[in-house]
């Protein structure tokens with residue numbers, strides 16, 4: 001086989017059998033980062049929807065499941081570490097494909113700022129509480145962890161997967177115990193608010209604008225499950241495992257987030273929860289269970305954040321490498337470790353970019369404001385690339401939709417509903433004002449920059465990728481079942 005650095009193809013003799021189905025599911029669960037996602041998002045969800053945060057979480061599940069099914073069917077059609085980038089380029093247009101890849105890279109680089117900040121906060125909470133409000137200390141602690149998990153990721157997916165398994169088992173077990181304790185306390189009237197069925201109504205949430213704000217946050221909470229697909233070329237079964245892992249991740253996350261939001265949201269009064277927006281679980285833990293649960297909750301979020309940081313670096317590196325095959329990212333991203341198949345140059349580059357963006361995020365104002373802006377803008381960005389993927393799945397399978405009821409539902413209706421739902425949330429959140437000008441600027445400014453980069457690569461760089469017509473191979477009209 002030719003060397004990967006010349007061909008850009010995956011080194012299959014090194015990669016085959018490296019990631020099992022379980023490893024892929026764990027990577028998807030880690031990338032979504034339930035511990036730090038709840039820690040970062042809970043205060044914003046309560047501020048937006050009062051105690052009705054479970055409603056946008058549940059409403060987002062069906063379209064997310066439809067999108068995950070779209071990923072599954074597209075992966076059966078064509079396996080690529082670029083995933084959405086490759087599929088959208090082939091089904092619709094190379095420019096849209098590039099922008100999709102650009103948005104995914106934004107998600108996994110900008111997103112690490114919302115991970116490294118809590119990592120720094122919880123480290124200081126455990127080791128030096130007096131420095132928790134010091135932005136420089138938070139940034140240094142979080143940045144140090146970013147470097148540590150990058151070094152671990154450079155050792156290859158086999159080592160990284162073992163680390164992810166340990167952390168996922170630990171954080172899910174502890175958080176489920178806390179969430180169950182919270183639900184029990186809620187129904188026995190021991191929390192800041194008593195359970196009410198009014199929470200599940202539009203009026204109880206605060207109206208349609210509040211619901212849209214909640215949906216944006218909920219979409220961010222789910223996002224990240226697609227990480228399982230980006231290591232698909234290194235899976236034991238590269239045709240089936242990535243899709244199964246994506247679907248399993250969405251289902252598990254829906255159950256977990258519904259229970260966690262219901263159990264945690266009323267432990268603190270809203271004002272207190274807002275004051276502890278960066279370390280809410282450290283306060284919630286000891287309120288629910290006596291003893292060392294505050295320290296344990298902080299440790300859970302810290303270790304969960306590290307696993308998510310690693311998953312983000314792994315995912316970004318592989319998407320960047322897939323884009324480098326088409327010369328729309330630096331060719332150096334094609335360099336891999338011959339023993340592990342790990343794209344080490346792309347991994348180092350994405351990790352370095354993460355550190356730069358961390359510094360930028362901390363310079364925009366208070367930690368809470370930076371977290372809010374990043375979380376909300378990433379919700380909008382993820383909505384766009386998930387919606388594009390679902391639309392590509394429907395369009396790619398259009399010739400097969402009439403073949404059977406399963407093709408119609410799984411290939412058309414569910415992914416189509418996911419695409420329409422994402423489009424509706426994105427448009428309505430802007431028109432209604434649910435998305436603030438700052439958040440919109442974060443998202444659209446970044447995407448506009450990507451469009452300019454694409455134009456420069458095409459017009460000045462003469463990159464052939466942008467001249468190709470959407471490829472509709474014979475496989476694209478076959479049923480992927």
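The values are calculated or read from the model by the stated rules, or taken from the named source; none is laboratory data. The structure displayed is predicted, hence computed values, not measured ones. Neighbour counts are summed over all protein chains in view; Cβ atoms, including those assigned to glycine, are modelled from backbone coordinates with ideal geometry.
Details
- Taking (1) under 23 Å from the mean Cα position of the chain (by Cα); (2) farther than 26 Å from residue 166 by Cα in turn, residue 332 satisfies each apart from (1).
- For segment 157-182, filtered to residues that are crowded, with 16+ Cβ neighbours inside 10 Å and within 22 Å of residue 272 (Cα to Cα), the residue that is nearest to the chain's Cα centre (by Cα) is 175.
- Some residue of segment 282-300 being under 26 Å from residue 246 (Cα atoms) and either touching a residue at least 24 places away in the same chain (Cβ under 8 Å) or out of contact with any strand residue (DSSP E or B) (no Cβ under 9 Å at 6 or more places or on another chain) (or both): yes
- Criterion violated by residue 204 - all others in (1) modelled with pLDDT under 90; (2) surrounded by fewer than 24 Cβ atoms within 10 Å (Cβ to Cβ); (3) under 23 Å from residue 74 (Cβ atoms) satisfied: (3)
- The residue pairs whose first member lies in segment 244-264 and is in contact (Cβ under 8 Å) with a residue 40 or more places away in the chain, whose second member is not in a helix (DSSP H, G or I), and whose beta carbons are closer than 7 Å, counting only pairs six or more residues apart or on different chains, are 246/225; 246/226; 249/225; 250/225; 253/225; 261/53.
- Screening residue 412 with (1) part of a helix (DSSP H, G or I); (2) surrounded by fewer than 16 Cβ atoms within 10 Å (Cβ to Cβ); (3) without any contact (Cβ under 8 Å) to a residue 24 or more places away in the chain gives one miss only, at (2).
- Any hit, segment 198-216, residues being in contact (Cβ under 8 Å) with a residue 24 or more places away in the chain and either under 22 Å from residue 320 (Cα atoms) or in contact with a strand residue (DSSP E or B) (Cβ under 7 Å, 6 or more places away or on another chain) (or both): no
- Any helices (runs of 4 or more DSSP H) falling wholly within segment 217-290 and containing at least 1 residues that are more than 18 Å from the chain's Cα centre (by Cα) and surrounded by 20 or more Cβ atoms within 10 Å (Cβ to Cβ): 241-264, 270-275, 280-288
- Among the criteria (1) assigned to a helix (DSSP H, G or I); (2) at pLDDT 80 or above; (3) surrounded by fewer than 23 Cβ atoms within 10 Å (Cβ to Cβ), the one residue 333 does not fulfil is (3).
- Residue in segment 395-416 that is within 24 Å of residue 224 (Cβ to Cβ) and modelled with pLDDT under 90 present: no
- Within the set 445, 450, the sole residue that is closer than 22 Å to residue 97 by Cβ and in contact (Cβ under 8 Å) with a residue 60 or more places away in the chain turns out to be 450.
- Among the candidates 451, 443, residue that is modelled with pLDDT of 90 or more and either at negative phi or assigned to a helix (DSSP H, G or I) (or both): 451
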